[in-house]
Structure formats: structure tokens, C-alpha cells
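Since the structure comes first, as C-alpha cells, the remarks are kept for the end.
The values are calculated or read from the model by the stated rules, or taken from the named source; none is laboratory data. Please read all numbers here as calculations on a predicted model, not as lab measurements. No Cβ is skipped: glycine too gets one built from the backbone with ideal geometry, and neighbour counts run over all protein chains shown. Heads up: the accessible areas ignore ligands, DNA and RNA and are worked out on the full protein's heavy atoms, side chains in. Shrake-Rupley method; radii C 1.70, N 1.55, O 1.52, S 1.80 Å.
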Amino acid sequence: MRGLDLFLCAVLLLSMVALLWPFLFYPLILRMLPDRQELPEQGPRPTASLLFCAYNEAAAMPEKIANIDAIKQRHPQLQILAFDDGSSDDTAALIAQRPDLLTLVRGPGRSGKAHGMKRLAAQATGDVLIFTDANVLLDADAIDNLLARYADPAVGGVLGSLHYVGEGESATASVGSLYWRIEERLKDEESRTGNVLGADGSIFSIRRALYPQFPDSVLDDLTVSMAVVFAGQRLVKARDVIARERLVTGRGDEYRRKVRIAARAWHTHVHLRPQLRRMAAIDRFKYASRKIIRWFGGLFILTGAIAAAVLAVRVSPLLALGGAVLAVGMIAIGLRAKGGPVAAVVDILVAYAATLQGVIRAMRGRTVTIWNPAKSR
């Protein structure tokens with residue numbers, strides 16, 4: 001085997017390892033790490049404020065308000081604040097109809113979720129700030145189980161577990177559900193061994209005293225949750241704090257969502273970089289494994305595909321042509337299919353492409369501060 005062939009094989013192998021790292025090798029390493037126990041102490045349970053932002057969520061509001069009503073009956077002292085980001089539908093009106101349950105904070109127009117959450121956090125009075133989304137429903141015992149974890153004074157933040165609904169409605173939803181189940185298991189392992197490296201906005205919480213300052217261009221959930229780690233306290237995950245949300249079923253909606261999230265994630269990474277560098281070595285390893293390597297998965301796929309194609313050409317140009325035709329044909333079939341393994345593979349490739357596009361946009365200085373609800377949710 002010639003030197004070029006060896007180089008191409010090495011590139012292909014390294015690309016495959018990097019692509020599989022967050023989902024195979026990283027979890028195996030986490031399982032070898034020892035447990036880090038929580039040490040709860042006796043004392044009064046902290047007070048809490050529940051916060052969420054909404055934009056054009058009128059369709060979701062009746063179920064959301066019913067869910068809040070049930071939570072409020074169980075926790076009469078729970079402060080609940082909602083920020084409306086200039087909705088053009090009846091979202092604000094529906095929230096305003098129930099001042100007995102929650103307080104509506106109106107934005108100046110489209111200002112974005114990060115801006116809205118900062119407004120809500122400034123008005124919150126609870127010892128613990130609980131963050132959720134407008135289209136997310138919480139189980140009846142979620143607040144009880146979440147606040148119980150603050151009995152350990154070393155715990156500065158608690159994540160819940162997001163359970164998606166509707167995974168059988170499309171290949172996009174099926175892939176999204178599989179991806180999220182893997183993500184939840186990774187967070188479980190990270191929590192068991194110390195800190196979870198970042199939360200998503202469906203359900204998480206922090207002690208109010210730890211709430212940071214940040215620009216509107218970043219992901220507020222990642223920025224706020226990482227403030228716990230930066231403060232030297234634990235960010236843990238509670239499996240029994242359950243939130244439920246419907247999956248996005250449309251490929252176009254999911255693509256746009258991933259581009260937006262990836263762009264803001266990279267802006268957040270740049271904003272947090274000085275503090276990330278000061279984290280403990282184990283937390284830096286977790287952050288790189290679950291976030292940075294995954295953001296560049298599309299690049300690893302592209303690099304591996306090029307290396308494989310060049311190797312095939314060197315073995316047999318006819319073989320390379322046949323492989324290329326087969327790949328293009330499978331992608332075309334997958335893009336048209338609404339289900340099945342080929343459609344699932346294509347959805348995985350689309351997700352990686354969207355993430356890489358979002359990161360590249362952010363690297364070029366483009367940012368996104370506002371969002372629109374997915375129509376196919």
C-alpha cells in the first residue's frame with residue numbers, strides 16, 4: 001500500500017472515530033468514571049419562580065395554561081412569569097386572561113428569547129429559577145422532584161428529562177426522538193459523574209443568585225446553566241423531573257431549527273470561552289466530547305466521504321462511479337420518502353449539514369436572536 005493510500009485510510013478512520021465519538025466512545029468512557037454522590041441536608045425547601053417565553057403559541061396556550069393551573073394548585077406559592085415576544089396571534093391575550101395563575105410581561109416587539117428570559121429573571125423573586133418552553137408540559141410532580149435536589153447545598157442547578165411525543169409521525173421525528181434519547185442518557189452519565197455540561201430550554205433550573213449577565217445573541221439555556229459550573233457548584237440531572245414536548249415532523253422546519261440553534265450555540269461558545277478554559281479538566285473533556293466534536297460532525301462526514309471516494313478511484317474508477325451513483329440515488333429516495341431506514345439516514349445527514357451550516361454562519365459573524373415556532377410540530 002502506497003503512502004497516499006495509507007494517508008487516505010487514516011483520514012477515513014479518524015473521520016469515523018470523530019463522528020462516532022459523542023455517541024459511542026464518549027459514553028463508554030463516562031461509564032468507567034466513578035459516581036459523585038449528592039449530600040442532601042435537612043432544611044426548608046427553597047421558593048421558586050417558573051419562567052417561559054412565547055411567540056405565536058396561541059395553539060399551544062390552552063393546554064399550557066391548563067398544565068400551569070394544575071401545577072399552581074399543587075404549588076400555590078409558585079411565582080409564574082410569561083414573556084410575550086410581540087406575538088401576532090392571541091398568545092398574549094390568552095395569557096392575560098389568567099392573571100390568577102401567571103403574570104404576563106410584554107416585550108417591545110421581536111427581541112428574542114434571551115432578552116425575554118433576562119426580563120423575567122429580573123422580576124422573579126424565587127430562590128430557584130425554573131425555565132421551560134411555551135409548548136412544553138410538566139408532569140404533576142416535576143416541581144416537587146426538582147426542588148428536592150436543592151437539599152444538597154453544592155447543587156446550583158437541576159435539569160429535568162424531556163420526553164418527546166409523536167416519534168412515529170415521520171422519519172424526521174423518528175430520528176429526532178432517537179437522537180434525544182441518546183442525549184438524555186449522556187446527560188444522565190454526566191450528572192452521575194459530576195456535572196452536566198449544559199441544559200436545554202425545555203426544563204432546567206438554577207439558584208437565582210447564580211443568574212449571569214449575557215448578550216441577546218447567545219443561547220440563554222446553555223449560558224445560564226453553564227454559570228452553575230463556572231461558579232463551582234454542581235449542575236445535575238433529575239430523571240424524575242419530566243417535561244413533554246411534541247416533535248417537529250417536517251424536514252424543512254427541523255433543518256431551519258438546527259441551523260438557528262447551531263449558530264447561536266457557536267456564538268455562546270465564543271462568549272463563554274474564557275470561562276470554559278478555567279473549568280476542571282474533566283468538565284472540559286465532557287464539553288468538547290458532547291458539544292464541540294458534534295458541531296463539526298458534518299465536516300467529518302464530508303472529509304471521510306472524500307477520502308473514501310479517492311480511495312475507490314485509486315482501486316477502480318468504475319467502482320467509484322458505481323458508488324457515487326448509488327449514494328446519489330439513495331439520497332434522492334430518502335428525500336422523497338416519509339419513513340423507513342433510507343429516509344432516516346438522509347435525515348441524519350440533513351441534521352449534520354444544518355448544524356455545520358449554522359456554525360459556519362456564526363463564524364462569519366451572522367447571528368440570530370429571534371425564533372419562530374415550527375409549523376409541523
Problem - List Ile68, Ile306, ordered by accessible area with a 1.4 Å probe, largest first - result: Ile306, Ile68
Problem - Percent antiparallel among DSSP beta bridges (both partners in the chain, rounded to 5) - result: 30 percent
Handout entry: Distance from segment 1-66 to segment 283-357 (C-alpha centre basis), Å
Key = 21 Å
Completion exercise
GNM on the chain, Cα springs under 10 Å; top mean-square fluctuation among Val224, Val310, Val241 goes to Val310
Practice task
Give me the lysines in straight-line cross-link reach of Lys64: C-alpha distance below 27 Å, same-chain residues under 8 apart excluded.
Solution key: Lys72, Lys113, Lys118, Lys187, Lys237, Lys258, Lys375
Exercise for the section: Express as a percent, rounded to the nearest 5, the fraction of DSSP beta bridges in segment 126-240 (both residues included) that run antiparallel. Expected result: 65 percent
Practice task
Multiply the residue gap between Lys338 and Thr103 by 0.36 nm, knock off their C-alpha separation, and tell me the result in nm, one decimal place.
Solution key: 80.4 nm
Problem - Helix 297-315 vs. the chain, principal-axis angle (Cα, 0 to 90°, nearest 10) - result: 10 degrees
Problem - Size of electric dipole in the chain: Cβ of Lys, Arg +1 and of Asp, Glu -1, about Cα centre, debye, nearest 20 - result: 1220 debye
Fill in the blank from the handout: The ³J(HN,Hα) series, computed from each phi in segment 140-147 with the Karplus coefficients 6.51, -1.76 and 1.60 at θ = phi - 60°, rounded to the nearest Hz and given as x for glycine or proline, is 4, 9, 4, 5, 4, 5, 5, 5
Problem - segment 274-377 shape via C-alpha gyration tensor axes, a/c threshold 1.5 - result: oblate
Problem - Protein accessible area in the chain, 1.4 Å probe - carbon and sulfur % - result: 61 percent
Exercise for the section: Note the direction-averaged projected area, equal to a quarter of the hull surface, for the Cα convex hull of segment 1-129, in nm². Expected result: 14.9 nm²
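Compute the accessible area per residue over segment 264-377, keeping the other protein chains in place, probe 1.4 Å, unit Å².
56 Å²
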Handout entry: 5 angstrom amide H check on Ile203, placed H, neighbours 5+ away
Key = Gly160
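Roll a 1.4 Å probe over the protein chains and send me the accessible area per residue for segment 81-231 in Å².
Result: 33 Å² per residue.
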Fill in the blank from the handout: Taking Cα atoms only, helix 220-230 is inclined relative to the longest principal axis of the chain by an angle, in degrees rounded to 10, of 90 degrees
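Per-residue ellipticity at 222 nm for the chain, helices alone: DSSP H runs ≥ 4 residues times -39500 (n - 2.57), over residue total, nearest 500 deg cm²/dmol?
On the way: 13 runs with 191 residues, N = 377.
Calculated mean residue ellipticity at 222 nm is -16500 deg cm²/dmol.
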Completion exercise
Rounded to the nearest 10 Å², the 1.4 Å probe accessible area of Glu41 is 120 Å²
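Under unit Cβ charges (Lys, Arg +1; Asp, Glu -1), what dipole magnitude, rounded to 20 debye, does segment 175-214 have relative to its Cα centre?
Magnitude of the dipole: close to 180 debye.
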Problem - Rounded accessible area of His267 (nearest 10 Å², 1.4 Å probe) - result: 40 Å²
Problem - Simple label model, 7 Å out from Cα along Cβ direction - Tyr179 to Ala10, nm - result: 3.2 nm
